[in-house]
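Engineer: Just dropping this structure here.
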Amino acid sequence: MNMTHAPAPHDALPPSEWVQRWSHLCPPGGSVLDVACGHGRHLRWFSQRQHPVTGIDRSADAIESAAPWGEAVQADIEHGPWPLMAHGQARQFDVVVVTNYLWRALFPVLLQSLAPGGVLIYETFAAGNDSVGKPSRADFLLRPGELLRLCADLRVVAFEDGFIDSPARFVQRIVAVRESVNGEQPMRYLLRRGPE
C-alpha cells in the first residue's frame, strides 16, 4: 500500500509577518541563520528566495522537518556549546532570525553571529503576556525596551513593543543592522508597510 505523509501542522505555518516584512534587507544571496528554527518556516521562506540558510533547534523532529531547506543543526544551545564556531569565532551571517524564543545568555552570541552589514530580525513574547496566556513566566518574557538595550550598538531600523489581538499576545520585535563603514553615502533601509 502506498501511503503519503501529510505535513504536520508545524510544517504549514506561514513565516512571521515581521520576518516577511523585513526580509528584503537581506542582500541577494545573503546567508541566514534561524535560531530555534522549529520546523523551518523561516528557512523555507529565505531558501525560496535563493538564500543559503542554517537553522538550529534542539528537537530532532523539528530538524528533520527543516533539513530539506538547508543546513539544519540539532543542538541544545541552552545547555551546550554554541554549535556554529569557525576558527574559535561564531560563524557570521547576513541575517540572524529569532522568533518566539528567549534565552538571554545567548544574546552575545547572536550579536557575534552578525556579519558586518548583518541584520538582526527578532520577535518574541513580552511583559504582559502572562495576562493572556503562555508563556507566562518572566524568564520567557522580554522586559520593556529590552531588545533596544540589546541592540544599543546597532542601527535600529524598526522596533515595536505592544499587544497583538489575533492571536492575543504581547510582543516585542526589532530589526537592527550592524552597520559597516562604506563611504560617504548613508545606507538606505527601505521601510515597507507589510509582509512581502
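Engineer: With of a type in the set (Ser, Thr, Tyr) and at pLDDT below 95 as the only criterion, which of SER113, SER166 stands out? Working first, answer last.
Structural biologist: Numbers: SER113 fails: at pLDDT below 95.
Sole residue among the options that is of a type in the set (Ser, Thr, Tyr) and at pLDDT below 95: SER166.
Engineer: Could you look through region 104-154, keep only residues that are aromatic (Phe, Trp, Tyr) and either within 23 Å of SER23 (Cβ to Cβ) or in contact with a Gly (Cβ under 9 Å, 6 or more places away or on another chain) (or both), and pick out the one that is surrounded by the fewest Cβ atoms within 10 Å (Cβ to Cβ)? Give the derivation first.
Structural biologist: Going residue by residue through region 104-154, those that are aromatic (Phe, Trp, Tyr) are 107, 122, 125, 140.
Subset that is either within 23 Å of SER23 (Cβ to Cβ) or in contact with a Gly (Cβ under 9 Å, 6 or more places away or on another chain) (or both): 107, 122, 125.
Numbers: PHE107: 17, TYR122: 25, PHE125: 22.
Here the residue is PHE107.
Engineer: Looking at ALA105, ALA90, which is the one that is at pLDDT 95 or above, over 13 Å from the mean Cα position of the chain (by Cα) and among the aliphatic types (A, V, I, L, M)? First the steps, then the outcome.
Structural biologist: Numbers: ALA90 fails: at pLDDT 95 or above.
Going through ALA105, ALA90 in turn, the sole match is ALA105.
Engineer: Restrict the check to region 179-188 and report whether at least one residue is outside any loop (DSSP other than H, G, I, E, B) and either in contact with a strand residue (DSSP E or B) (Cβ under 8 Å, 6 or more places away or on another chain) or not β-branched (Val, Ile, Thr) (or both). Give the derivation first.
Structural biologist: Applying the first criterion (outside any loop (DSSP other than H, G, I, E, B)) to region 179-188 yields none.
Checking region 179-188: not a single residue is outside any loop (DSSP other than H, G, I, E, B) and either in contact with a strand residue (DSSP E or B) (Cβ under 8 Å, 6 or more places away or on another chain) or not β-branched (Val, Ile, Thr) (or both).
Engineer: Take VAL95 and tell me if it is closer than 22 Å to PHE159 by Cβ and hydrophobic (A, V, I, L, M, F, W, C).
Structural biologist: Working: closer than 22 Å to PHE159 by Cβ: yes; hydrophobic (A, V, I, L, M, F, W, C): yes.
Criteria met by VAL95.
The values are calculated or read from the model by the stated rules, or taken from the named source; none is laboratory data. The shown structure was predicted, so the numbers you read here are calculated from the model rather than taken from an experiment. Virtual Cβ from ideal backbone geometry, glycine too; neighbours counted across all protein chains shown.
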